[in-house]
Structures are given as structure tokens and as C-alpha cells.
Amino acid sequence: TENLLPTFQISGFVNAPGEYRLDSGMTVEDAILKSNGLQEFANYDRVAIYSLDYNSPIKSTNVRYVGIDKDYLVGNKVKPSNPVYIKDFDRISVLKDPNVKEIYTVSVVGEVISPGTVTFENLIENMSSIINKSGGLTQSASLESSYILRDSLPLDFNFKNLLQKRAFLRDGDIIIISSNNDEITVSGAV
């Protein structure tokens, strides 16, 4: 009844996620090395290991969170300080470092002093901050008819309360500040 080809799976912030053969006495660090090491922004302090639960009628796995020994990964030690051994069918998930955030940029065009790309400093920025980073509004700006483009679709946004903080904008959005001097062209059989 013994499994002659024991395996484990590894996913997340490793260079080669997948299923691998489990060798005898293999630690979580050995599993990471087998998957060609960690990607940039991997969390060294919290790696999840999901193991089959053979005792509970309702639980499928038990999870434990472990830290990994960086010195062992780079070859400065012969074995990890606190080795955590993995078992057959274990699934290892290397998580992203929670202190590393995505970089969001939006484009501001139209009636602002310096149209162009604006990069967020905080996860949530208000519209006033974004417009200020674009040099502020021109005298011809019309907030009532301004809008946001996301994936080529216009989104309605109330520009009257520019100080309201909302997690509304996404990376790649285009903020169109309209002009109150827009011309209207009429053509055809009028």
C-alpha cells in the first residue's frame, strides 16, 4: 500500500511551480530549491504547507505556516536551522511579501496644466491629489462633463467631491478633464 512515487506540489512565488518527486527527508527549503528558487517579492516569513487530513470526515487538509531559512537557500548552511519536512501529497504555497504593493499609474488628459501619466504614492488616492500631480485644472476645465476611460469604456464619476478617498481608480485608467470651450460641429442634412 506504500506509494512508490511520492510527490508534492509547489505554487506561488517560485520560479518553476509544479508537481515534483518527493525525496526522502526533504524540507520545505529543498522543495523551493527543486522548483528553481524563489521569485522576487516572495515572502520568506510565511509559506503555507497543506497536508492531507486522514482523520477528519469533513476536513481535506491541515495547513501550517512556516518561515524558511534564507541562509540554507543560498548555500551558507548544510541544513536548515528549524527543518520542516514535507510529506507525500503536500501542497506548498509560497506567498507574496505583504509589504510589496503594486504600482498604479493613470493618465490625465485634457484641461490640466501638465497632462500625462501620474503614479500613485498610496494605495488609495483621491481625485484632487491626482489632478494636483498634473499641475491642477486650467480655467477652461469643466468637471461636470469630465469622465474616466477604463478599457475604452467611459465611466461616470462625480468630480464635484475631489477630496473623497475611494479605491476606484485602477492601473491604466485615463482621466479625461473636459473643456467648457468645446466646439460643436453639426453636419449632414440639417
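Tabulated data for the structure shown
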{"quantity": "Hey, Val108 assigned to a strand (DSSP E or B), within 30 Å of Pro17 (Cα to Cα) and touching a helix residue (DSSP H, G or I) at 6+ places or on another chain (Cβ under 9 Å) or not", "calculated": "no"}
{"quantity": "Which listed residue is part of a loop (DSSP other than H, G, I, E, B), among the polar types (S, T, N, Q) and farther than 30 Å from Glu2 by Cβ, from Ser114, Ser142, Ser128", "calculated": "Ser114"}
{"quantity": "Close pairs (6 angstrom Cβ cut-off, 6 or more residues apart or separate chains): closer than 16 Å to Ile174 by Cβ in region 114-125, among the small types (Gly, Ala, Ser) and open to solvent by 30 Å² or more (accessible area, probe 1.4 Å) anywhere", "calculated": "Ser114/Gly135; Thr117/Ser107"}
{"quantity": "Subset tally (residues that are among the basic types (Lys, Arg) and either at pLDDT 85 or above or outside any loop (DSSP other than H, G, I, E, B) (or both)) for region 145-190", "calculated": "2"}
{"quantity": "Hits in region 103-144 - residues which are modelled with pLDDT under 90 and either acidic (Asp, Glu) or surrounded by fewer than 13 Cβ atoms within 10 Å (Cβ to Cβ) (or both)", "calculated": "Ile103, Glu121, Asn122, Leu123, Ile124, Glu125, Glu144"}
{"quantity": "Of all residues in region 43-80 being open to solvent by less than 70 Å² (accessible area, probe 1.4 Å) and assigned to a loop (DSSP other than H, G, I, E, B), the one that is farthest from Glu2 (Cα to Cα)", "calculated": "Gly75"}
{"quantity": "Some residue of region 83-102 being part of a loop (DSSP other than H, G, I, E, B), surrounded by fewer than 18 Cβ atoms within 10 Å (Cβ to Cβ), touching a strand residue (DSSP E or B) at 6+ places or on another chain (Cβ under 8 Å) and without any contact (Cβ under 8 Å) to a residue 24 or more places away in the chain", "calculated": "no"}
{"quantity": "Close pairs from region 64-76: first on the phi < 0 side of the Ramachandran plot and in contact (Cβ under 8 Å) with a residue 40 or more places away in the chain, partner open to solvent by less than 80 Å² (accessible area, probe 1.4 Å) and in a loop (DSSP other than H, G, I, E, B), Cβ under 6 Å, at least 6 apart", "calculated": "Asp69/Pro80; Asp69/Ser81; Tyr72/Pro80"}
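The values are calculated or read from the model by the stated rules, or taken from the named source; none is laboratory data. It should be emphasised that the depicted structure is a prediction, and the values quoted were computed from it without experimental measurement. A quick note on method: Cβ atoms are made from the backbone with ideal geometry, for glycine too, and the neighbour counts reach across all protein chains shown. To get the accessible areas, we keep the full protein, side chains included, count just its heavy atoms, and leave off ligands, DNA and RNA. Shrake-Rupley method; radii C 1.70, N 1.55, O 1.52, S 1.80 Å.
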